[in-house]
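> Below is a structure I'd like to ask you about.
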Amino acid sequence: MEGLIELNQCRVCKNKELNKFLSLGSMPLANSFIKKERIASSEAYFPLDVCFCSVCGMVQLAQVVDPQIMYKDYNYTTGTSEPMKAHFNGLATQIVKKFNLPTGSLIADIGSNDGTLLQQFKDMNMRVLGIEPASNVAPLARAKGIDTVEEFFSEGPARKIRSGWGQPMVITATNVFAHVNNLDDFIIGIFNLLDDRGIFVVEVPYMVEMLKKVEFDTIYHEHLSYFALRPLVALFKRFHMQIIDVERLEVHGGSIRIYVSKGEKKTEAAVDSLIRSESQSGFDRIDTYGKFAQRVNRIRDGLVTLLKSLKIQGKSIVGYGAPAKGNTLLNYCKIGTETLDYIADTTDFKQGCFSPGSHIPVISFDGFYANPPDYALLLAWNYADAILNKEWSYRQSGGKFIVPIPEPKII
Ligand code: TMP
Ligand code: ZN
């Protein structure tokens with residue numbers, strides 16, 4: 001299939017026998033919202049299957065879509081989401097404090113998007129450099145005065161950056177690591193670029209949380225890898241790097257932040273303790289993943305039955321928030337305009353577009369407030385607390401939310 005490569009070995013340990021445990025079917029790219037004038041054109045569909053490596057414990061997609069197709073026009077800007085802005089403020093403060101960073105230290109952010117994280121470091125008087133391949137968002141960072149190199153990060157660009165800007169004391173990569181196909185090449189680039197005393201800080205959604213809360217909709221083509229800590233430790237070890245600390249985070253349904261150094265350093269007890277808890281909970285065994293697949297099927301069946309019965313009762317239902325993961329949910333459950341009148345979303349460029357595959361119109365919240373629906377399917381469930389608070393007046397007047405995971409529930 002054009003633009004698609006079948007993964008023939010584990011991305012971390014190179015084991016060739018991968019166990020496929022979940023097929024979500026064929027679907028369009030989760031961020032490919034369709035502009036009105038293109039709604040009649042055909043969309044590209046790609047299979048979405050997930051497999052487990054029983055040698056190192058890595059969970060990964062069975063196929064890789066060509067990044068040139070996936071990221072050419074990347075419809076995601078960090079700065080559009082208030083909770084993420086607050087999160088990045090916390091991250092920058094934490095790094096500066098934890099490592100006593102002197103002002104003027106060079107900080108590089110990979111997948112720097114519109115510069116939201118780097119802006120925080122800049123405000124703390126650090127030197128900052130963004131690395132961002134999407135040609136439509138890199139200029140947004142530059143407009144804020146944030147130097148941005150327009151590249152997919154790898155060994156080659158790392159060398160170029162090192163000679164142009166020097167060796168950063170800190171390199172950050174938040175929500176980008178799971179998007180990288182060739183991790184070897186990426187880490188070699190990090191190793192060469194990073195100052196010898198420097199720290200590489202990675203944030204990734206934590207696979208253990210995804211399984212526990214059945215966050216299957218966070219599976220989409222951009223997310224090639226689903227990380228537990230154990231395979232990450234093995235991965236960095238191959239390149240003489242060491243995970244010295246780990247923190248659990250609430251963002252994106254539950255993530256981990258790891259701190260990686262060059263060479264041997266003292267490791268915090270949190271690292272071993274988390275790996276132990278992973279193995280005690282069965283995350284190194286294939287049957288755990290089979291059970292997850294069954295729970296995913298049950299959510300689909302339960303949600304479809306619930307929505308059907310509400311429609312039979314004549315209730316109006318809309319989508320709340322149009323995150324990428326909403327499209328996995330809608331396409332896997334085959335939910336379309338027969339069920340949802342529209343999806344309301346705060347993002348300017350999504351408004352006026354249609355959801356990929358399901359072709360549901362995305363509109364602003366003006367329509368939602370003018371004519372409140374009986375039910376709102378919470379596609380942006382990662383912001384549930386903030387949204388349920390914000391919408392108390394909708395709820396007060398009888399409006400209900402449907403939260404799809406870990407099992408469909410009406411609130
Ligand atoms: P994200 O999970 O990738 O940040 O995407 C969240 C989406 O939900 C994004 O398109 C913005 C939208 N959204 C709302 O429409 N209303 C809200 O209150 C929040 C927090 C997000
Ligand atoms: Zn492996």
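> Can you tell which of PHE46, ASN113, PHE191 lies farthest toward the positive end of the dipole of the chain, using +1 and -1 charges on the Cβ of basic and acidic side chains (Lys, Arg; Asp, Glu)?
Checking the options against the dipole of the chain, the answer is PHE191.
> Along the charge dipole of the chain, which of THR346, ILE243, HIS179 sits closest to the positive end, that is, farthest toward it, with unit charges on the beta carbon of Lys, Arg, Asp and Glu (+1, +1, -1, -1)?
My answer, from the dipole projection, is ILE243.
> Roughly how many debye, to the nearest 20, is the charge dipole of the chain about its Cα centre, given +1 on each Lys and Arg Cβ, -1 on each Asp and Glu Cβ, and no other charges?
Using only the charged Cβ atoms, the result is roughly 600 debye.
> Once amide H atoms are placed 1.01 Å from N in the peptide plane, what residues at a sequence separation of 5 or more from LEU22, or on another chain, have their amide H within under 5 Å of its amide H?
The answer is VAL50.
> In region 322-411, what trypsin sites (Lys or Arg not before Pro) fall in a loop by DSSP, with at most 13 other Cβ atoms inside 10 Å?
Sites meeting the loop and neighbour criteria: LYS334.
> Next question. Is the shape of region 320-411 rounded, prolate or oblate, going by the alpha carbon gyration tensor and its root eigenvalues a ≥ b ≥ c, with a/c under 1.5 for rounded and a/b larger than b/c for prolate?
Oblate, because a/c is 1.5 or more while a/b does not exceed b/c.
> Lys and Arg at +1, Asp and Glu at -1: add these up for the other residues within a Cβ distance under 13 Å of GLY156 and post the number.
0
> Divide the volume of the convex hull of the Cα atoms of region 6-118 by its number of residues and quote the answer in cubic angstrom per residue.
Given the Cα convex hull of region 6-118, per-residue volume reads 175 Å³.
> Indicate the gyration tensor shape class of region 78-264 (rounded, prolate or oblate), computed on the Cα atoms with a ≥ b ≥ c the square roots of the eigenvalues: a/c under 1.5 is rounded; otherwise a/b larger than b/c is prolate and the rest oblate.
Rounded, since a/c falls under 1.5.
> Sticking with this structure for a sec: Just how large is the dipole of region 78-264 about the Cα centre, in debye to the nearest 20, putting +1 at every Lys and Arg Cβ and -1 at every Asp and Glu Cβ?
Using Cβ point charges on Lys, Arg, Asp and Glu, region 78-264 gives about 460 debye.
> For region 315-342 and region 18-74, what is the centre-to-centre distance using only Cα atoms, to the nearest Å?
Region 315-342 and region 18-74 have Cα centres separated by 18 Å.
> Checking the a/c ratio against 1.5 first, then a/b against b/c, what shape does the Cα gyration tensor give for the chain?
Taking the square roots of the gyration eigenvalues as a ≥ b ≥ c, the chain is prolate.
> What fraction of the DSSP beta bridges in the chain is antiparallel, stated in percent and rounded to the nearest 5?
Percent antiparallel among DSSP bridges in the chain is about 55.
> Please report the net charge: other residues with Cβ closer than 13 Å to the Cβ of MET207, K and R +1, D and E -1.
Around MET207, the surrounding residues sum to 0.
> PRE reach from ASN182 (point 7 Å along Cα→Cβ): which of region 137-158 fall under 13 Å by backbone N?
In region 137-158, the label zone of ASN182 (backbone N under 13 Å from the point 7 Å along Cα→Cβ) covers 152-158.
> Expressed as a whole percentage, what fraction of the accessible surface of the chain belongs to carbon and sulfur atoms when a 1.4 Å probe is rolled over the protein heavy atoms?
The value for the chain is 51 percent carbon and sulfur by accessible area.
> Could you work out the relative contact order of region 78-264, using alpha carbon pairs under 8 angstrom and six or more residues apart, expressed as a whole percent?
17 percent
> Something else about it: For the chain, give me every cysteine whose Cβ has no other Cys Cβ within less than 4.7 Å, ordered by residue number.
CYS51, CYS333, CYS353
> Then there is this: Stretched out fully, how many nm does the piece from LYS212 to SER41 gain, at 0.36 nm a residue minus the Cα gap?
57.7 nm
> Another question, then. Based on the inverse mean of 1/r over its pairs of different Cα atoms, what is the Kirkwood hydrodynamic radius of region 4-63, in Å?
For region 4-63, the Kirkwood estimate is 13.2 Å.
> Could you size up the charge dipole of region 278-411 around its Cα centre, putting +1 on the beta carbon of Lys and Arg and -1 on that of Asp and Glu, and report it in debye to the nearest 20?
380 debye
The values are calculated or read from the model by the stated rules, or taken from the named source; none is laboratory data. Remember, predicted model here, so these are calculated numbers, not experimental data. As a convention, Cβ positions derive from the backbone with ideal geometry for all residues, glycine included, and neighbour counts pool all protein chains shown. The area values use the complete protein model at the heavy-atom level, side chains included, leaving out ligands, DNA and RNA. Shrake-Rupley method; radii C 1.70, N 1.55, O 1.52, S 1.80 Å.
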